[in-house]
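The values are calculated or read from the model by the stated rules, or taken from the named source; none is laboratory data. Just so you know, these numbers come straight off a predicted model, no measurement behind them. Positions of Cβ are backbone-derived with ideal geometry, glycine not excepted, and every protein chain shown enters the neighbour counts. What goes into the accessible areas is simple: the full protein's heavy atoms, side chains included, and nothing from ligands, DNA or RNA. Shrake-Rupley method; radii C 1.70, N 1.55, O 1.52, S 1.80 Å.
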Amino acid sequence: MLNRNAKLNLTIFQRLSLGYLAILIVVICLSGYSIWKLSQLNQIARSLSSVDIETIRTANNTKDALLSLAANGEKFIVSRDKDFFQQFKLAEEFMNTNMRLMDEVLSDQINKQTFIVFRDRYKTYLADTKKEFQWISNQKTYDAYALRQRKTKRLNELITDLDKIIRMVRGDMQKKIRTANTIGNEAFHFTIFATLTAIAMALLIAFFNARNINDPVVSLMKGTQRIAKGEFDIPLDISSPPEIKALAESFNRMCARLKEVDQLKADFIARMSHELRTPLASIREATSLLLTDRIASSSVSRNNLLIIIREECERLIRSVNSILDLSRMESGMMDFQMEKCSLPPLLKKNITRLQPIASKKGIHLRVKIPPDLPVVFADWEKLDQVVGNLLGNALKYTPPGGQITVSAAPKTQSTDVQNPQEMVEVCIADTGCGIAEQDMTTIFEKFRKVKGKGSGLGLAIARHITLAHGGDIWVKSRPGKGSAFYFTLPAV
Ligand code: ADP
């Protein structure tokens, strides 16, 4: 089955960003659509208030002005009263103003056409009226009945034209209001739909993001609970998101390391119990023999037994001291008594001490130390421990007939070009069994043992000591050919 998370291997940051981006796009679309619809509604509202309502108002005013003009004109013709003529003139001016306004506000082509017809008719009506005024003032005879008939007909036509314009504009207004209603309804439904979609999307994205992050975190949590119970065997299989995948990989590495450390601890306890139990058993056996009459009567046996007891006691002390030393060094509680030390006497003292064992094993011990070797700043006791351990190991892992060479030489450490450090390099080389490539770094870890008896602490302690002195320790070896252990110390 294809892992769901493997298909979409996005980081937590990418997942959250993409989720928010998707919601943002929906919100932007929704806002864009709403703005577009609102601008349409706004346009319609503006057209209704500034064009249609204004046109109807002007058309009504024109109608009033026309009726006033016609009434005052008729009254003047009948009464010849100047006041009516003045009123007629005022109405004419009002007519002119309103017609100018109508010409400006009318936008529709059909309405404009109707208005042009209206204007032409009005001009002829006005011309007839003014002609009649002239005839009256010149007391000219004319066919008053026919003229009135014509003027009444024209006036009716003018009123019909204005009514037509008002009707058509009202029709337009109705249409616009219906369109506005449709737009409003559409916008309302779309907004509800889009809002619900955005909410559903936000919930889905939040749910999937939370689940995709939560599931691996829960696996990780269960893994740590397993570790707490001491189960290191089940590795975590998390393929995404990459951050948690990396965390799971580190977690698996940590599990492997913990398992290794757990194994080392178990091995160490087994080895230490063997290390402690063996000398204790020998001591118990030797003391019980000493207590029996038969052995007590023989002085040779008694001496041998006492020597065995002493050696086993020393072995016990060495093991316990090693453990205590290492734990003190690891916790930073080891005190170093630093002083100027000359290495040749220290190396020679150790060689002299081990010479009898080497001779007994048929191993040739060689020394190559220049007389002018620089003095080092070190803790004599601790350095003695390092050299003793390296020489002891060389003796332990070199077969009879082999050779051990102890050499030392000044060396310049060039890590800092500006300020090169003068060092002294000591080498203890043997022609023993050698060390496999893969063990060359791990043997410096505590409790690491490849072969032979021992606690696996000697090299770990030697490494702590050399590093604490500002030096280093390493090994070069070829299996079957021998090993060369090097350590450096800063020269004074
Ligand atoms: P131990 O006290 O058990 O010898 P060390 O820390 O001194 O522990 O050494 C760790 C391991 O390194 C040993 O178990 C051994 O396998 C390897 N070793 C150390 N010195 C030598 C050497 N000179 N030649 C071959 N193997 C060595």
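Brief remarks follow.
- Among (1) part of a helix (DSSP H, G or I); (2) surrounded by 20 or more Cβ atoms within 10 Å (Cβ to Cβ) - the single one Gln438 does not satisfy: (2)
- So Leu220, is it open to solvent by 50 Å² or more (accessible area, probe 1.4 Å) and free of Cβ contacts under 8 Å to residues at least 60 places away in the same chain: no
- Per-region count, the range 34-54, residues at pLDDT below 90 and under 36 Å from the mean Cα position of the chain (by Cα): 1
- Note on the range 447-474: residues that are part of a loop (DSSP other than H, G, I, E, B), closer than 15 Å to Gln385 by Cβ and near the ligand (Cβ under 9 Å from one of its atoms) total 3.
- Across the range 300-346, the qualifying residues are those that are in contact with a Ser or Thr (Cβ under 9 Å, 6 or more places away or on another chain) and acidic (Asp, Glu), and the one among them that is most open to solvent (accessible area, probe 1.4 Å) is Glu311.
- Scanning the range 298-315 for residues that are under 57 Å from the mean Cα position of the chain (by Cα) and outside the structural domain of Gly392 (by TED's automatic domain parsing) turns up at least one hit.
- Helices (runs of 4 or more DSSP H) completely within the range 280-395 that count 2 or more residues being at pLDDT below 90: 293-297, 299-330
- Pro370 vs. criteria touching a residue at least 12 places away in the same chain (Cβ under 8 Å), loosely packed, with under 13 Cβ neighbours inside 10 Å and more than 16 Å from the ligand (Cβ to nearest atom): yes
- Candidates Phe377, Phe444, filtered to the one that is near the ligand (Cβ under 9 Å from one of its atoms) and either surrounded by fewer than 20 Cβ atoms within 10 Å (Cβ to Cβ) or within 51 Å of the chain's Cα centre (by Cα) (or both): Phe444
- Members of the range 381-420 found to be away from the ligand (no atom under 16 Å from the Cβ), without any contact (Cβ under 8 Å) to a residue 60 or more places away in the chain and open to solvent by 70 Å² or more (accessible area, probe 1.4 Å), listed by number: Glu381, Thr412, Ser414, Thr415, Asp416, Val417, Gln418, Asn419
- Selected residue [in a helix (DSSP H, G or I), open to solvent by less than 40 Å² (accessible area, probe 1.4 Å) and either of a type in the set (Asp, Glu) or under 24 Å from Thr58 (Cβ atoms) (or both)] from Met168, Met173: Met173
- Within the range 24-49, the set of residues being open to solvent by 40 Å² or more (accessible area, probe 1.4 Å) and either in contact (Cβ under 8 Å) with a residue 40 or more places away in the chain or touching a Phe, Trp or Tyr at 6+ places or on another chain (Cβ under 8 Å) (or both) comprises Val27, Cys29, Tyr33, Leu38, Gln40, Leu41, Ala45.
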